[in-house]
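To keep things clear, I will list the structure first and then write my remarks on it.
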Amino acid sequence: QALFLVPKDLPSPLEEGFLERSSAFILNAVRQQPGGVFVLSTSFSYLNKVYQRLKPALERERFTLLKQGQHNKGELIRAFSAAKKAVLFATDSFWEGVDVQGGILKLVIIARLPFKVPDEPLVQAMAEKIQREGGDPFLEDSLPDAVVKFKQGFGRLIRRKTDKGCVICLDKRIFTKPYGKYFLSALP
């Protein structure tokens with residue numbers, strides 16, 4: 001029902017060249033799909049840069065390009081569902097609670113493991129609280145939260161027994177870091 005791929009030859013999202021190489025990979029993957037594509041990221045900056053890089057080529061090839069922020073969530077989903085070849089670039093709110101019916105969604109690309117930005121005030125406050133209580137903020141908050149979000153992102157593809165498609169995670173840390181096993185074990 002679902003194929004899960006992780007290209008090991010891309011740089012890590014923390015390494016130089018990730019934007020360029022991942023953009024090229026996304027372009028190639030989108031071109032191979034017979035249906036709709038979600039490109040999910042937790043970074044607006046990354047998403048906007050990839051969108052701008054891919055827009056000319058994908059528009060020439062008659063893909064319908066949609067980006068979070070252009071319209072409200074409901075309008076984006078309706079436009080995505082109505083198009084024959086649509087690519088939706090989205091962040092946080094599209095990782096969960098989105099159901100594209102009719103088997104239109106065929107590919108979900110997860111740009112990077114969905115860890116929260118560590119210098120956001122709420123994330124910092126939670127980390128400080130956990131540290132004061134003698135805990136490990138990464139293992140007790142960051143990692144579990146990212147694993148749940150990853151599972152939710154994966155879940156955009158397979159919503160019913162008849163759904164089929166592919167999920168590609170562009171973040172090879174799922175195999176190179178000890179915490180990767182938690183992401184893999186969360187998948188169905």
Task: FRET efficiency for Leu139 and Glu75, using Cβ-Cβ distance with R0 set to 45 Å, rounded to 0.05 - done: 0.70
Open item on the list: If you count only protein heavy atoms with a 1.4 Å probe, what accessible area per residue comes out for the chain, rounded to a whole Å²?
Closed with: 53
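Carbon and sulfur: what percent of region 104-183's accessible surface (1.4 Å probe)?
On the way: 2380 of 4250 Å².
Answer for region 104-183: carbon and sulfur cover 56 percent of the accessible area.
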Open item on the list: Taking 8 Å as the Cα distance limit and 6 or more residues as the minimum spacing, I'd like the relative contact order of region 92-188 as a percentage.
Closed with: 40
Task: Gain upon complete extension [Thr64, Val148; 0.36 nm per residue less C-alpha separation] - done: 27.3 nm
Task: Within-12-Å neighbourhood charge of Phe94 [Cβ basis; K, R +1; D, E -1] - done: +1
- [ ] Report the full-extension gain for the segment Glu15 to Thr162: residue separation times 0.36 nm, less the Cα-Cα distance, to one decimal in nm.
- [x] 49.1 nm
Task: Reachable lysines, given that their alpha-carbon falls under 26 Å from the alpha-carbon of Lys67 and they are not under 8 places away in the same chain - done: Lys49, Lys55, Lys84, Lys85, Lys106, Lys116, Lys149, Lys151, Lys164, Lys172
TODO: Express the relative contact order of the chain as a whole percentage, based on alpha carbon pairs under 8 Å and six or more residues apart in sequence.
DONE: 31
- [ ] Mind grabbing the accessible area of Lys181 for me, 1.4 Å probe, Å², rounded to tens?
- [x] 120
Open item on the list: Net charge within 10 Å of Ser142 by Cβ-Cβ distance, Lys/Arg positive one each and Asp/Glu negative one each, not counting Ser142 itself?
Closed with: -3
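The values are calculated or read from the model by the stated rules, or taken from the named source; none is laboratory data. Keep in mind that what you see is a predicted model, and the values were worked out from it rather than measured. Quick reminder, even Gly has a Cβ in these numbers, built from the backbone with ideal geometry, and neighbours come from all protein chains shown. In case anyone asks, the SASA skips ligands and DNA or RNA and just uses the protein heavy atoms, side chains included. Shrake-Rupley method; radii C 1.70, N 1.55, O 1.52, S 1.80 Å.
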